[in-house]
Amino acid sequence: MRRVLAGLLVAAAGVAWYAYPAAEPPTPVAHVVAGDKGDELAGTSFDGPMVRRRAAIAIHPAPGADRAAIAKELRALATEAKLGSLTDASFAVFSADMLEYLVPEMTFVLDEDVRVYDAEALMRDHQPASVAFYLVQPVLVHDLTFCVVPADGVTPAQVSQRQDDEGVLSDSLNRYVTDVQPDGVTVRYFGAVLGDPQIAAVRDSMARAAGVPPDRVHVTANLPGPGVDLSHGVPDITDEPHGGH
């Protein structure tokens, strides 16, 4: 079982903000932070390597703008500037303070090592004409994978179908990627930090679909390294030089 699980996992494998006008833990201990709906960072015991600090861009398109064209242009600009990829995400990654000011229609999260300063410079110097307004902010995200090996007599394809039919994963995760493999199913999640109740709901749903107990649904980080420790609350994630207007 451990060998099968390892194979599946390998295969799956208050902050400052700036506005610019147009021109699995062995025995989890809850780290209570507050909130669970995007207005505050969710309380989670699944931190460390599962929680990452990223730079994120909030976009408010101009009236009638083509969102697909905006995304294509920004991704090309990021590649040209050697800033890696832009990952679509929910507005819930942003802080409560920023969301009181603006709920973005488009959200992009940059790669692990891209500084907020570099993301701001990208938008400042190359803002697409169809972007009416944008914000750049450091955020915390969950980057993790759920993995389950089904009970005898249940196929991975059946697990995936049952999960989709039940709808709990869509309600809890919003955006996720399911990978049906010969021995089991993995669900990759990248987005706003999930509270322990949300993670428990996903594990329960996958367990029901696979015909196994919830503790057989494993949760693991997608990246190596220490990540962000939330055991003492939310750390300061603005400790880097950055420009502004």
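The values are calculated or read from the model by the stated rules, or taken from the named source; none is laboratory data. Quantities reported herein were computed from a predicted structural model and do not represent experimental measurements. Here the Cβ positions follow ideal geometry from the backbone for every residue, glycine too, while neighbour counts run over all protein chains shown. For accessibility, only protein heavy atoms count, side chains too; no ligands or nucleic acids. Shrake-Rupley method; radii C 1.70, N 1.55, O 1.52, S 1.80 Å.
Distance between the modelled labels on R53 and D66, one decimal in nanometres: 3.9 nm (7 Å Cα→Cβ projection).
Peptides 133-140, 178-185, 226-233 ordered by packing proxy, namely the average of other Cβ atoms within 10 Å per residue, highest first: 133-140, 178-185, 226-233. Beyond 17 Å, how much of the Cα-Cα pair distribution for segment 137-191 remains, as a whole percent? Percent of Cα pairs beyond 17 Å in segment 137-191: 40. Highest-first packing order for the peptide set 186-199, 57-70 is 186-199, 57-70, based on the mean count of other beta carbon atoms within 10 Å. Think of a 1.4 Å ball rolled over the protein heavy atoms: segment 68-149 then has 39 Å² of accessible area per residue. The coefficient of translational diffusion for segment 41-98, derived via Stokes-Einstein from the alpha carbon Kirkwood radius under 25 °C and 0.890 mPa s, stands at 176 µm²/s. With a Förster radius of 22 Å, plug the Cβ-Cβ distance of A121 and D236 into 1/(1 + (r/R0)^6) and report the FRET value to the nearest 0.05. Efficiency computed from Cβ-Cβ geometry: 0.50.
Hydrodynamic analysis of segment 43-136 uses the Kirkwood radius over alpha carbon pairs. Inserted into Stokes-Einstein at 37 °C and 0.692 mPa s, it gives a translational diffusion coefficient of 237 µm²/s.
When the inverse distances between all different Cα atoms of segment 90-245 are averaged and flipped, the Kirkwood radius reads 17.8 angstrom. Tell me, what % of the accessible area of segment 51-206 is carbon and sulfur with a 1.4 angstrom probe? So the carbon and sulfur contribution to the accessible surface is 49 percent.
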